[in-house]
Amino acid sequence: MAQDILDQIRLHGAVPAHIAIIMDGNGRWATERALPRPLGHRAGMKAVREVVEGAREAGIKVLTLFAFSQENWKRPPDEIQALMSLLEHYIAKELDELRRNGVRVSVLGEVDRLSPAARAAVDRIVAETSAGSQLALNLCISYGSRAEITRAAKILAEHVAAGRLAPEDIDEERLAQELHTAPWPDPDLLIRTSGELRLSNFLLWQLAYAELYITPVLWPDFGRRDLFEAILEFQRRDRRFGRVTV
Ligand code: FPP
């Protein structure tokens, strides 16, 4: 199906180790079809499945998806409810396959705010996929980057106040150890669907050197072919990390 692009990716060589995605446009996808917004989110779930499979096929090691932001708590209660039950549904439906495919799921964000049922589902998928070693799938839920950085600063301040850490030992690496993303390298590539040119409080620290790939495709229409095209585009970029290339 998308084998031709996958072959091109393999010819080019190195793929990004870590891809982060802002899955945007579910609401517009539904509105364009005169459907209620939750049906857009449901269609978006299929795209999640596609992208997880595609990432595995392409040899990506870490995939981080922005599923629910802290700002999303301000949406109408029925839409929040729909998103939460979709999350529970996704977990119930995909757990076995994710485990079979060696996907290790982590959930990043303030999960204390989730309903007890959503929280139980999240805890279950994290526990039951913990042996996966092919692909790390990070679901950012109730996630906000400024809150994450503030939390890290607070933890470091507590260590200093307790005499466990000297202020001069705080550097970028030490702070990054307190972020939710501590176990993984920073994303090499950020994909945002639906054409918006914003970071929306997503991984502000971690995306410092990421290549940005913005596509007009709405999230429910995003498939593995689109993912592979983003990877190919990444392979054409010249990453300099602030240096010059000769
Ligand atoms: C943004 O579209 C998308 C979301 C707020 C939710 C993303 C959720 C999913 C893709 C489905 C569930 C995911 C998992 C991991 C189970 P939007 O509503 O902001 O769209 P709009 O900008 O067109 O209104």
Query raised in the report: Where residues in the stretch 57-79 are small (Gly, Ala, Ser) and more than 11 Å from the ligand (Cβ to nearest atom), which of them is nearest to His180 (Cα to Cα)?
Result: Gly59
Query raised in the report: From Gly109, Gly44, Gly54, which residue is modelled with pLDDT of 95 or more, small (Gly, Ala, Ser), buried (at least 16 other Cβ atoms within 10 Å of the Cβ) and near the ligand (Cβ under 10 Å from one of its atoms)?
Result: Gly44
**Report entry** Pair list, Cβ under 9 Å, 6 or more apart: the stretch 60-84 residue of a type in the set (Lys, Arg), other residue near the ligand (Cβ under 8 Å from one of its atoms)
**Finding:** Arg75/Arg37; Arg75/Leu83
Query - Top-ranked residue in the stretch 1-39 [being near the ligand (Cβ under 7 Å from one of its atoms) and in contact with an Asp or Glu (Cβ under 9 Å, 6 or more places away or on another chain); ranked as nearest to Asn138 (Cα to Cα)] - result: Asp24
Query raised in the report: Any idea which of Ala82, Ala127, Ala147, Ala161 is more than 11 Å from the ligand (Cβ to nearest atom), among the hydrophobic types (A, V, I, L, M, F, W, C) and surrounded by 12 or more Cβ atoms within 10 Å (Cβ to Cβ)?
Result: Ala147
Query raised in the report: Can you name the residue in the stretch 140-169 that is assigned to a helix (DSSP H, G or I) and touching a residue at least 60 places away in the same chain (Cβ under 8 Å) and is also nearest to Ser106 (Cα to Cα) among such residues?
Result: Ser145
Report summary line: Residue pairs within 7 Å by beta carbon, gap of at least six or interchain, first lying in the stretch 218-246 and assigned to a helix (DSSP H, G or I), second of a type in the set (Phe, Trp, Tyr) and modelled with pLDDT under 95, listed first then second, are none
Query raised in the report: Tell me, which residue of the stretch 164-178 that is more than 22 Å from the chain's Cα centre (by Cα) and surrounded by 15 or more Cβ atoms within 10 Å (Cβ to Cβ) is nearest to Trp205 (Cα to Cα)?
Result: Ile170
Requested in this report: Evaluate the following for Asp186: is it surrounded by 19 or more Cβ atoms within 10 Å (Cβ to Cβ) and either assigned to a loop (DSSP other than H, G, I, E, B) or of a type outside the set (Lys, Arg) (or both)?
Outcome: no
Report task. Within the stretch 112-124, track down each residue that is assigned to a helix (DSSP H, G or I) and away from the ligand (no atom under 13 Å from the Cβ). Result -> Asp112, Arg113, Pro116, Ala117, Arg119, Ala120, Asp123, Arg124
Query raised in the report: Does the stretch 85-104 include one or more residues that are within 13 Å of the ligand (Cβ to nearest atom), in contact (Cβ under 8 Å) with a residue 24 or more places away in the chain, among the hydrophobic types (A, V, I, L, M, F, W, C) and touching a Gly at 6+ places or on another chain (Cβ under 6 Å)?
Result: yes
Report summary line: If we ask which residues in the stretch 1-35 are outside any helix (DSSP H, G or I), loosely packed, with under 15 Cβ neighbours inside 10 Å and modelled with pLDDT under 95, their number turns out to be 3
Query raised in the report: Out of curiosity, is Thr193 polar (S, T, N, Q) and over 26 Å from Ile149 (Cβ atoms)?
Result: no
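The values are calculated or read from the model by the stated rules, or taken from the named source; none is laboratory data. Because the structure is a prediction, the values reported are computed rather than measured. Cβ coordinates were reconstructed from backbone atoms using ideal geometry, including for glycine residues, and neighbour counts include every protein chain displayed.
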